[in-house]
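Visitor: Quick one: the structure is below, and I'll ask about it shortly.
Just so you know, all these numbers are worked out from the coordinates, no wet-lab data involved. If you're wondering where the values come from, they're calculated on a predicted model, not measured in any experiment. Cβ: placed from backbone, ideal geometry, glycine included. Neighbour counts: every protein chain shown.
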Amino acid sequence: MNPRATSHAERNLWIERLKICGDEWCRILEVAESVEEAREHLLAGIDEWEAVLRGGSVNCSRIDLALALEATRAFRDMLSPESEAIAGFSTIELLWELIHGLDIEPHVTDGFAAEFEHLFLAMSGKTGIGRGWIGRRFESLGPGEDELPKSGRRAGISRSRFLDRLAEVVDAGVSRHPSGLSPSLIEERARNRQRILKALGGSVDDWNDARWQMDHVLRGMEGVRTLESLVPLTRDDLGAILTAVRGSIPWGITPYYLSLFDFSSAARERDGQVRTQVIPSLSTALALAAHHGERRREMDFMRERDTSPIDHVTRRYPGIAIFKITETCPQICTYCQRNWEITDAMGCTRPPSIDELEPVFEWFSAHKSVREVLITGGDPLILSDETLAAVLDRLARMDHVRSLRIGTRFVVTVPMRITAELGRLLGSYSRPGRRNLSLVTHVESAAEVTPDVASAVAHLRSGGVSVYNQQVFSLQTSRRFQTAALRIALREVGIDPYYTFYMKGKPEHADQLVPVARLLQERKEEARLLPGLYRTDEPVFNVPGLGKNHLRARQDREWIGVTADGRRVYLFHPWEKAVAPAAPWPYVDVSITGYLRRLRLLGEDPAEYESIWYYH
């Protein structure tokens, strides 16, 4: 559905703001009698402006100058006919039509106008980004960093005071996202646990039994009724869950994870990330239901079927392959990459036997270049210790397999599954100088880091298992300092941050997606304020069918267009572009304007994110 038609007043307001930020560019567009004439004159103007920028006559900081050069390059890229061919539309045509007040189809929105308002401002060197988003707050509180003494002990003291002020901002931001280790949350969740046990007819001993947790996963209509009896739900929450259940869409919540909910309110003010993790939005549920019979074809975003040389194996890189040993989990993530093949929470599908997996072991044995095996699923810790040991034994016999990695969310969903015995078992496969076994989990927020998680990690580390985290960067986890709070909590329990994953752009997850720019902004403006070992994770984007693209590396993507509704179009380069021929992949991002509106609905102040526009 197209956005509503804009009024002349709205359009005129956008044009006036564009002229304020980039009058010379708007004049070129106004006098051009055609799109091609506008393109020609804009490209000539860009060449002249870049020479001015490089000539040093623009009065701005070096930081703003660097941004001006980058923004100028981006504008030039958007004007390229090649970029238009890749994107499938002409950005300059939309801009020309907007300036000329033409009726545009599809309708240009305020998101489109805002992108060019900020792009023109960046090109001019007038964003003030060189002062920093926090530094601006200090201007009324005394001298900024550039006004401090430059040498000697006085400089050291002044610098330390300045950093204290920065630390206060960090502490205030992090405190908005309390850890599950806080005494108040521990007490609250103990009360939740008692209510859940009463509803399910269990005891404290049952609660600490992983098998009991898995046998009592809330799923199906019975699970819906139990959930309704314990926690308040909005109409949309209940509608989404019922759509999932009636449409055979994987859905489930473990009793343990349910105890992390706020049992007093459905507003998600205190448990937004936790609920969003397991309760799909209504739009997600409807999208999954609409493709129920064709999920394997329509929703395999990473094209795993095209990178699978044999059942249970996915391979995208020369030195590692994924071993998908099961198609189910004790709890289903709403953003699941493999929602096209996951059957259900604790689904009836029996994990394959060791004998049935013989072709997989033969494949790994025959491919000597595979040095690392990532055992995942579904969730491999659904397997018993005995079955898991049998799988690891077979892989450990292969001399070329130097690293074993287990991908699991049991640490967060059923932490009591991680016993001291399991820690010793997994650790027994690590042989210093010969082979390493590590475990990677998905903790999404500090609220999920609980005493039970701390105990599970302690068992793993005592057994000699390294534990890493991959956070999925979604709408809920993208709020200021939310991810910083998570990194701090992770380090407190012995988990090393590993990846921050940009949420894969699957259409059914649209309401959880955030702009690429927000992850880049978080990396520079929040993560950078943490000690080094707290921010060792790498921001990545998974290119479908190709693999991880490191978002930190600007040379791995191009900004080639802006859609009528304000979404940036990027051209992502494949990881092997300097190794072997491979085609880039275009990606249509989320509108920054729309994202800021969604943040406002979450209670955030969009002004706190204003610099997002200047991350490309």
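Visitor: To the nearest 0.05, what FRET efficiency results for residue 204 and residue 372 with a Förster distance of 35 Å applied to their C-beta separation?
Guide: The pair residue 204/residue 372 has a calculated efficiency of 0.30.
Visitor: Listing 503, 416, 123 from the residue with the fewest other Cβ atoms within 10 Å to the one with the most, what is the order?
Guide: Fewest-to-most ranking of 503, 416, 123: 416, 503, 123.
Visitor: Step through the table entries 324/577; 504/577; 368/506; 524/548, compare each Cα-Cα distance with 25 Å, and write down the pairs that go over it.
Guide: Values: 324/577 27 Å; 504/577 21 Å; 368/506 34 Å; 524/548 20 Å.
From 324/577; 504/577; 368/506; 524/548, over 25 Å: 324/577; 368/506.
Visitor: Kindly put 486, 260 in sequence by how many other C-beta atoms sit within 10 Å of each C-beta, fewest to most.
Guide: With the sparsest Cβ surroundings first, the list reads 260, 486.
Visitor: How many percent of all Cα-Cα pairs in segment 466-616 sit more than 27 Å apart?
Guide: On the way: 2516 of 11325 pairs.
Cα-Cα pairs of segment 466-616 separated by over 27 Å account for 22 percent.
Visitor: Any idea how far apart residue 421 and residue 236 come out in nm if each label point goes 7 Å out from Cα toward Cβ?
Guide: Taking the two extended label points, one gets 4.6 nm.
Visitor: Can you compute the modelled spin-label distance between residue 582 and residue 458, with each label point 7 Å from Cα toward Cβ, in nm?
Guide: 4.2 nm
Visitor: If every alpha-carbon in segment 183-290 counts as one equal scatterer, what log10 I(q)/I(0) does Debye give at q = 0.15 1/Å?
Guide: -0.62
Visitor: All other residues with a Cβ under 15 Å from the Cβ of residue 560 taken together, and with Lys, Arg as +1 and Asp, Glu as -1, what is their net charge?
Guide: Values: positive: 39, 73, 76, 554, 557, 567, 568; negative: 70, 77, 82, 84, 93, 115, 556, 558, 589.
With Lys, Arg at +1 and Asp, Glu at -1, the net is -2.
Visitor: Right, next: What net charge is computed for the residues neighbouring residue 23, neighbours being all others with C-beta under 13 Å from the C-beta of residue 23, Lys and Arg scored +1, Asp and Glu -1?
Guide: 0
Visitor: Give the percent of DSSP beta bridges with both residues in segment 302-553 that are antiparallel, rounded to the nearest 5. Don't skip to the end; give the middle numbers.
Guide: Working: 8 of 36 bridges.
In segment 302-553, approximately 20 percent of DSSP beta bridges are antiparallel ones.
Visitor: Follow-up. Evaluate 2.2 N^0.38 Å with N set to the residue count of segment 95-254, then give the Cα radius of gyration divided by it.
Guide: That ratio works out to 1.82.
Visitor: Based on the mean of other beta carbon atoms within 10 Å per residue, what is the order of 533-543, 174-184, most packed first?
Guide: Highest mean packing first, the order is 533-543, 174-184.
Visitor: Mind sorting out which of (1) 27.7; (2) 46.1; (3) 30.8 is the real mean projected area of the Cα convex hull in nm² computed from the coordinates?
Guide: Working out mean projected area of the Cα convex hull in nm² from the coordinates points to (3).
Visitor: Dividing the Cα radius of gyration by the Kirkwood radius, what Rg/Rh value follows for segment 302-553?
Guide: Details: Rg = 17.7 Å, Rh = 18.8 Å.
On the Cα set of segment 302-553, Rg over Rh gives 0.94.
Visitor: Counting other beta carbons within 10 Å of each Cβ, put 363, 559 in order, fewest first.
Guide: Final ranking by Cβ density, sparse to dense: 363, 559.
Visitor: Figure the gain on full extension for residue 33 and residue 63 (residue separation times 0.36 nm, minus the Cα-Cα span) and round it to one decimal in nm.
Guide: Full-extension gain reported as 7.2 nm.
Visitor: Relative to the longest principal axis of the C-alpha atoms of the chain, give the angle of the C-alpha long axis of helix 451-462, reported between 0 and 90° and rounded to the nearest 10°.
Guide: For helix 451-462, the angle is close to 80 degrees.
Visitor: Restricting to the chain, what percent of DSSP beta bridges are antiparallel, rounded to 5?
Guide: Antiparallel: roughly 40 percent of the beta bridges in the chain.
Visitor: Going Cα to Cα from residue 126, which aspartates and glutamates come in below 16 Å? Please leave out same-chain ones fewer than 8 positions away.
Guide: Filter leaves 23, 24, 50, 64, 70, 115, 117, 610.
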